[in-house]
Amino acid sequence: MGKKINKLIITAAITGAETTKEMNPNLPVTAEEQAKEARECVKAGAAIIHLHVRDSKGNPSQKIADFKRSIEAINDSCDPRPITQISTGGAVGASIEDRIKPIVKLKPEFASLNIASMNFGEDVFINHPKDVKKLATTLKDLNVAYEVEVYDAGHIESAKRLAKKGVIRTPIHYQFVLGVHGGMSGDLRNLNFLIDSIDEGDTWSVAGIGRYEYPLAVEAVKRGGFVRVGFEDNIYYEKGVLAKSNSQLVERISRLANELKREIATPDEARKMLNLKSRM
Ligand code: KMH
Ligand code: ZN
């Protein structure tokens, strides 16, 4: 009998911090827009909503009230309730205090953890080792589960070093974010290298930036990885054609999974697969 293939966990990164309505007018920025978008994404097969929020002017925010408003709206409008993953990366330039605060106050079910500094487009995304330790320790102390964001090959080495020191938990769930200018591109050989580099028992998801989104998702569906899509990473449905919604991007992944006979995980199944409860 063949090895049973794990179900596919789809994450929708619906807003991000860098994408603007000028880039794609369909970007959800208010709590209501995010709730509507999350509902459609969950209907289309997403189990996780990777969440960045905006203030009343549409600018990136790390305010508790803004996160609370969006999370409540999402929970009210979605059935089943998705896993909401609070970003601790925030926008480039956000202070470490602002990035930690929502975790401390809201103790979410899931979070992201960035472990290395890098150029990020035309900016610098700073993750000072002492801040990474502080953030990871806070997540651990509060029993908040998290995924480790990987933009470059050395980030896996850094994660392993931190795990050895007991700063981050194992097994590690990685998000390979490929195609950021300053990190690895979304070339297939890079994905292959990253998959080869992680330890037995670790899990991975891939978020391809821009034109890399779909081809990398295809690889993940075929190879037992998980997939992240959404306007944070990519605003197009195809070359030159803006996506109408995040759910349009999720729907395409669900169709692909269906074709390739990979079942899609519900939010509760994803909770079990990622051991969210036992990490708490
Ligand atoms: N906005 C990026 C600089 C995360 O969510 O953890 C960082 C980011 C990563 O989006
Ligand atoms: Zn993010």
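Considering the range 45-58, the residues that are away from ligand 2 (no atom under 16 Å from the Cβ) and within 17 Å of the chain's Cα centre (by Cα) include one that is farthest from A91 (Cα to Cα), namely G45.
Among the residues of the range 117-154, those identified as within 21 Å of E232 (Cα to Cα) and within 15 Å of ligand 2 (Cβ to nearest atom) are M118, F120, G121, D123, F125, N127, Y146, E147, V148, E149, V150, Y151.
None of S70, S77, S61 is away from ligand 2 (no atom under 16 Å from the Cβ) and of a type in the set (S, T, Y) except S77.
Residues that are more than 18 Å from I115 (Cβ to Cβ) and either surrounded by fewer than 18 Cβ atoms within 10 Å (Cβ to Cβ) or free of Cβ contacts under 8 Å to residues at least 12 places away in the same chain (or both) within the range 155-189 comprise H181, S185, D187, L188, R189, listed in sequence order.
Confirm whether G90 is within 19 Å of the chain's Cα centre (by Cα) and small (G, A, S).
Spelling it out, G90 is indeed within 19 Å of the chain's Cα centre (by Cα) and small (G, A, S).
Within this structure, G210 fails the test of being away from ligand 1 (no atom under 15 Å from the Cβ) and touching an Asp or Glu at 6+ places or on another chain (Cβ under 9 Å). The test for being at pLDDT 95 or above and either of a type in the set (F, W, Y) or buried (at least 22 other Cβ atoms within 10 Å of the Cβ) (or both) does not hold for E122. Restrict the check to the range 95-104 and report whether at least one residue is β-branched (V, I, T) and more than 21 Å from E149 (Cβ to Cβ). No, the range 95-104 contains no residue that is β-branched (V, I, T) and more than 21 Å from E149 (Cβ to Cβ). Close contacts from the range 10-33, counting a first residue that is outside any loop (DSSP other than H, G, I, E, B) and a second that is among the acidic types (D, E) and within 16 Å of ligand 1 (Cβ to nearest atom), with Cβ to Cβ under 7 Å and a gap of 6+ residues or different chains, come to A13/E232; A13/D233. Checked against (1) on the phi < 0 side of the Ramachandran plot; (2) more than 16 Å from ligand 2 (Cβ to nearest atom); (3) without any contact (Cβ under 8 Å) to a residue 60 or more places away in the chain, K107 meets all criteria but (1).
Out of N192, N234, I need the residue that is free of Cβ contacts under 8 Å to residues at least 24 places away in the same chain and of a type outside the set (A, V, I, L, M, F, W, C). Which one? When all the criteria are applied, what remains is N192. One residue stands out among those in the range 257-276 that are part of a helix (DSSP H, G or I) and in contact with a Leu (Cβ under 9 Å, 6 or more places away or on another chain): the one that is nearest to ligand 2 (Cβ to nearest atom), which is A270.
The strands (runs of 3 or more DSSP E) falling completely within the range 193-252 that include 2 or more residues that are surrounded by 18 or more Cβ atoms within 10 Å (Cβ to Cβ) and away from ligand 2 (no atom under 16 Å from the Cβ) map to 203-208. Looking only at residues of the range 37-77 that are closer than 22 Å to V221 by Cβ and of a type in the set (V, I, T), we find that the one that is surrounded by the most Cβ atoms within 10 Å (Cβ to Cβ) is I49.
The values are calculated or read from the model by the stated rules, or taken from the named source; none is laboratory data. In this text the structure is predicted, and so the values were computed from the model without any measurement. Backbone-built Cβ (ideal geometry, glycine too); neighbour counts: all protein chains shown.
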